[in-house]
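Only the coordinates and a few stated rules stand behind these numbers; no lab work does. Everything numeric in this text was worked out from a predicted model, so none of it was measured. Positions of Cβ are generated from backbone atoms using ideal geometry, with glycine treated the same way; all protein chains shown enter the neighbour counts.
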Amino acid sequence: MKAIKKKFTALVLTVLAAGVLAGCGSEDNVGVVDTVRVQKEAPLAKRYIEKREAKREEIQKKLEQDKLSMSEEDFRKEQQKQGQELEIYSAGIQRQFKADVDGKLAEIAKKKDVSIIVDQRAVPKGGIDVTDELIAELQ
């Protein structure tokens, strides 16, 4: 569970860091978002985490059944296969969440008339906080 949250944070920060670099030297308005809070409070983020957890539990149950009917070597291979499947599934969920966040941030930026939205940790002070709007949009 912590690993998926870390991956979501890294993903969002990467997108937002690119935005910071694109906006360096600009005097345009800057929006800021608390990505940690978004991951904790946004209903959509919670649903994605629940989907991933459900998939993990499904795989775990399958592996428990397989262990009873497989040799140790075959079971290890199946564990690796299922682990890869979970990683692929998690990566897909992360891409979808990133796309959802990017889309909503673009809409918010247009409404708030800001040229860029970055993680609040990337801006020493100031900026227009759009965290609440993003959480509301990620229903």
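Under 5 Å from the amide H of Ile128 lie the amide H atoms of Val30, Gly31, Val32, each residue being 5 or more positions distant or on a separate chain, with H modelled from the backbone and absent for Pro and chain starts. Rg and Dmax over the alpha-carbon atoms of region 98-139 stand at 10.1, 29 Å. Taking 0.36 nm per residue of separation and subtracting the current Cα-Cα distance, fully stretching the chain between Ala136 and Lys46 would add 31.1 nm. In terms of its Cα atoms, region 21-139 spans 65, 28, 21 Å along the principal axes, sorted from long to short. Taking Lys and Arg as +1 and Asp and Glu as -1, the other residues whose beta-carbon sits under 11 Å from that of Asp129 total -1.
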